[in-house]
Amino acid sequence: MGNANLVTILPGLFLKMGARPAAPPIWANCASFRCSFDELANLRPDPKAPYVGASAFAHKGGQHANAAQKVKSSYEHIDPALVGNRTRVLVSDMAGRSSM
């Protein structure tokens, strides 16, 4: 047994399972809530965390990044703004002209 990660569970329930609360959406600020909690608990933010991590909606590599910009729904399971995150296109040696 252990503690449930609510930052992962709540968006999954409400955004993926279709549950709709009567209250305002609490998951809309998951990313800022997670940062505040990590700072308060003196934890290092996990960049690979689902929904709220810095890498959750990051795209790298020429063709993948280009396709993700053209058809977001094929590469992102939800709109990152719904959880307070954003899409990032990483520039690396694999990036081509279309990624810029």
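The values are calculated or read from the model by the stated rules, or taken from the named source; none is laboratory data. Everything quoted here is computed from the prediction, not taken from an experiment. In this analysis, Cβ positions are derived from the backbone assuming ideal geometry, glycine residues included, and neighbour counts consider all displayed protein chains. Heads up: the accessible areas ignore ligands, DNA and RNA and are worked out on the full protein's heavy atoms, side chains in. Shrake-Rupley method; radii C 1.70, N 1.55, O 1.52, S 1.80 Å.
If we scan region 51-65, do we find a residue that is without any contact (Cβ under 8 Å) to a residue 60 or more places away in the chain, open to solvent by less than 40 Å² (accessible area, probe 1.4 Å), within 22 Å of Phe14 (Cβ to Cβ) and of a type in the set (Val, Ile, Thr)? Yes, the conditions are met somewhere in region 51-65. The residues of region 1-29 that are at pLDDT below 75 and either within 17 Å of Arg88 (Cβ to Cβ) or among the β-branched types (Val, Ile, Thr) (or both) amount to a single one, Ile26.
With the requirement that a residue be surrounded by 13 or more Cβ atoms within 10 Å (Cβ to Cβ) and either of a type in the set (Phe, Trp, Tyr) or outside any helix (DSSP H, G or I) (or both), what does region 66-76 give you?
Step one: list which residues in region 66-76 are surrounded by 13 or more Cβ atoms within 10 Å (Cβ to Cβ), which gives 66-69, 72, 75-76.
Passing the criteria: Tyr75, Glu76.
If the condition is being part of a helix (DSSP H, G or I), under 13 Å from Arg86 (Cβ atoms) and not polar (S, T, N, Q), then region 29-59 contributes Cys30, Ala31.
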